[in-house]
Structures are given as structure tokens and as C-alpha cells.
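Everything below concerns the one structure shown next.
The values are calculated or read from the model by the stated rules, or taken from the named source; none is laboratory data. Since the model is a prediction, treat every value here as computed from it, not as a measurement. Here the Cβ is made from the backbone with ideal geometry for all residues, glycine too, and neighbour counts use every protein chain on show. We work out accessible area using only protein heavy atoms, side chains counted, and drop any ligands, DNA or RNA first. Shrake-Rupley method; radii C 1.70, N 1.55, O 1.52, S 1.80 Å.
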Amino acid sequence: MSSDYDLGSMPGFIYQWGHDQALTHDRCFLCGADLTRGRTDEHVFPQWLLRRFDLWNEKITLLNGTLMPYAQMRIPCCSSCNNEHLSRIEQAVGDAFAEGPDAVAALDATTLFLWMGKIYYGLMFRELSLLVDRRDAQAGTIMTPEFLASFKTHHLLMQAARGVVRWQPDQHPASIFVFRTQEPTHPRGRFDYVDIINFPFFAVRAGATAVVAVLQDWGALAEAVTVPGLEAAKQLDLHPQQFRETAALAAYMTTLFNRVPKHLMHAAEDHVGILTLPIAGLSAKPVFDPFDLSHYAQVLSFVTGRPLEELYDGRNIVTLLRDGTTDFCGVMSLRDDDV
Ligand SMILES: [Zn+2]
């Protein structure tokens, strides 16, 4: 969509492309409303999660290497987005996680997509206000407004939280996988997440449930390809290390997705409708590039924190996931204290 084609000037358009995505901290991160006369703070990681897994004083490592408590991971939000739209989602997702993987898998796919998508986007938005070097304001912020603006389609899709964007009933923006996980006894060991900053991907493990989401492939990973490692993971109660490997595998597949989905948008009275054209388009080429073991090994090393040479010898890769024919589980021992 070209920038001189101003959707905002069209009557009936409830979302103004290029305008409603806030790139500063004085507007609501979701709807773009001006917050100079009152703001609320939306927790990037919801409060129920921080309580349940004892994360209030835990810290996460940001892109500039500094540590920030989860409790301070908050982003500006207007009262209606925070207390109506997003709190409705948190209520549903928090209840489902309390019940376990079956309840999470039974959630409405859009609810789960919006929940994962908000955390992913919120992490980036929070870093907009943080300096790369805290002693040098001239060096700029960790996250640049330009980079965040490149996630404008993701931002548009998140408007579904407010009901002002809808996609076709038989289409969905994401591939979402729900897994059963083992639960270490210590609360802090029962939570983990994986994100990659330049691809719309997010994975979280909380209690007995893990969710892995490719946020903008319009179902390609779930429907257009079979990945033996992901199939194997569905059969397991994932150990924390197996969760990391599963996340690494899905994250790597995200980088192989080679289509840019095309959308038609139409203005209805109270929402923008999105119709996504067939992902493969007119090309017979597979929608995922060929799997390259050496590239995957690098992603696996990055996500698991294990040295590359421990994982890959140039021919074979270490896996903790059975593929159904070969038992790889003996390669590395799984111990609870490895968490
Ligand atoms: Zn808002």
C-alpha cells in the first residue's frame, strides 16, 4: 500500500494506516490515542503471569545488555484498551493457563494470537524509550521508531483486540502450536520465553503449557509443511530444554518462509475487513526455503545457549526430540537441575 494513498481520509475507515501506530511513548501503543490527559500502563508480561511464576523481581536481558525487572516492562496504554479489550484477553488466557494445555489449545485462536502478539510487540515497544548506552543519549534508543514502523502489518492485525479489524472466518494470521510441558518444582523454573527480534515469532512456556507462535505466516507452518521435530514434540511432555529446541526449530522455520502475504482490505462501517490471498500465489515454488542444517544449528545454539560445536559436527545435529524412527533422546541427559 503506497503511503500517499491515505486510508485515514476515506470515510468509514476506523484504523488510519501510518497514523494510528504510535512510535512514541505519549500515545497508546495499541490504538494510538493521545495520552497527554491520562494514561495507564499495560504490563508487557501480564500481572497474573508475574504472580504465578514469581517473576516480579526477576530481570530480563534487553538488547543493550541491561537487565530490567519484569515488573518494569510496562507500555503506555489508554484506559479502554487496557481495562476493556486487553483485560478481557488476559482473563481468558490466564484462566486457560491455570487449567493446562488442553484449555489453552481450546482457546479461540484469535485470542491466543492477540495475547502472544501483544507480548512480542510490547517487548519491542518498551525498548523504544531505552537508550542504547545509558551514558550517551546521542547514541539513540535500543529500538528505533523506523524499525518498529516496519511491523505495521502486525500492528494492524492487533487491532482485532478492539474489534476494529477482522479477517475471514476461514483464515488466520498465525501458526500456533500448543505443547504439554514438564513442570520443574521451583516457580521460576516453570517460566521461559523465546523471541527473535526481526521476525514475528514468539514462544512461551508457563507451567504445564507451552505455546509457540509464528505470528504472520497465515497458517503456513501449521498447514503447508510437516516438520518431524515439531510432530515429535507434540507427542512429548516437553522438558525445559526440549521446549527451547522446539522453539528454535519453529523460529528457524519462520526464517525460511519465503512469501509476503498479500491482503485486500475493505472498509465496513465499524471495522476493516482483511482478505488474504492464497499464500502460495501463482508460484509452484514451496513456501519454505530448503532446510539448511548448518544454519539451523546456529539458531539452535543461539536459542539453547549451547556451544555450536557441541550441537553440530558438520553432518549431524544433536536433538532431544524423537523423530519417531530414531531415538535421539539418549544423546544428552535430561535433568531437572539443568533448567
Ligand atoms: Zn488505546
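If the condition is being among the β-branched types (Val, Ile, Thr), open to solvent by 40 Å² or more (accessible area, probe 1.4 Å) and within 30 Å of residue 163 (Cβ to Cβ), then the stretch 225-267 contributes only 260.
In the stretch 81-108, the residues that are without any contact (Cβ under 8 Å) to a residue 24 or more places away in the chain and under 17 Å from residue 119 (Cα atoms) form Cβ pairs under 8 Å with partners that are open to solvent by 30 Å² or more (accessible area, probe 1.4 Å) and acidic (Asp, Glu), at six or more places apart or across chains, as follows: 92/108. A search for C-beta distances below 9 Å between a residue of the stretch 36-55 that is of a type in the set (Ser, Thr, Tyr) and any residue that is in a loop (DSSP other than H, G, I, E, B) and surrounded by fewer than 21 Cβ atoms within 10 Å (Cβ to Cβ), counting only pairs 6+ apart in sequence or on different chains, returns 36/26. Annotation note: Cβ proximity below 9 Å between a residue of the stretch 151-176 that is within 15 Å of residue 14 (Cβ to Cβ) and a residue that is basic (Lys, Arg) and open to solvent by 40 Å² or more (accessible area, probe 1.4 Å) (sequence gap 6+ or interchain) occurs for 160/166; 161/88. Here residue 153 meets the list (1) in contact with a helix residue (DSSP H, G or I) (Cβ under 7 Å, 6 or more places away or on another chain); (2) at pLDDT below 95; (3) of a type in the set (S, T, N, Q) almost entirely, failing just condition (1). Among the residues of the stretch 155-174, those identified as open to solvent by less than 10 Å² (accessible area, probe 1.4 Å) and either within 16 Å of the ligand (Cβ to nearest atom) or more than 15 Å from the chain's Cα centre (by Cα) (or both) are 155, 156, 157, 158, 159, 161, 165. Scanning the stretch 268-288 for residues that are assigned to a loop (DSSP other than H, G, I, E, B), open to solvent by 60 Å² or more (accessible area, probe 1.4 Å) and in contact with a strand residue (DSSP E or B) (Cβ under 9 Å, 6 or more places away or on another chain) returns a single hit, 277.
Close Cβ contacts (under 8 Å, 6 or more residues apart or on different chains) running from residues in the stretch 14-31 that are of a type in the set (Val, Ile, Thr) and part of a loop (DSSP other than H, G, I, E, B) to residues that are more than 13 Å from the ligand (Cβ to nearest atom) and open to solvent by 20 Å² or more (accessible area, probe 1.4 Å) comprise 14/267; 14/270; 14/271; 24/145.
The set of residues in the stretch 142-196 being assigned to a helix (DSSP H, G or I), in contact with a Gly (Cβ under 7 Å, 6 or more places away or on another chain) and within 24 Å of residue 235 (Cβ to Cβ) consists of 190 alone. Would you point out the residue of the stretch 175-209, among those that are farther than 18 Å from residue 47 by Cα and acidic (Asp, Glu), that is nearest to the ligand (Cβ to nearest atom)? It comes out as 195. The stretch 45-135 holds strands (runs of 3 or more DSSP E) entirely within its bounds, and those carrying 1 or more residues that are surrounded by 13 or more Cβ atoms within 10 Å (Cβ to Cβ) and more than 16 Å from the ligand (Cβ to nearest atom) map to 59-61, 67-69, 131-133.
Counting residues in the stretch 197-212 that are assigned to a helix (DSSP H, G or I) and either modelled with pLDDT under 95 or open to solvent by 10 Å² or more (accessible area, probe 1.4 Å) (or both) gives zero.
Restricting the stretch 34-44 to residues that are touching a Lys or Arg at 6+ places or on another chain (Cβ under 7 Å) and over 17 Å from residue 192 (Cβ atoms), the residue that is farthest from the ligand (Cβ to nearest atom) is 43.
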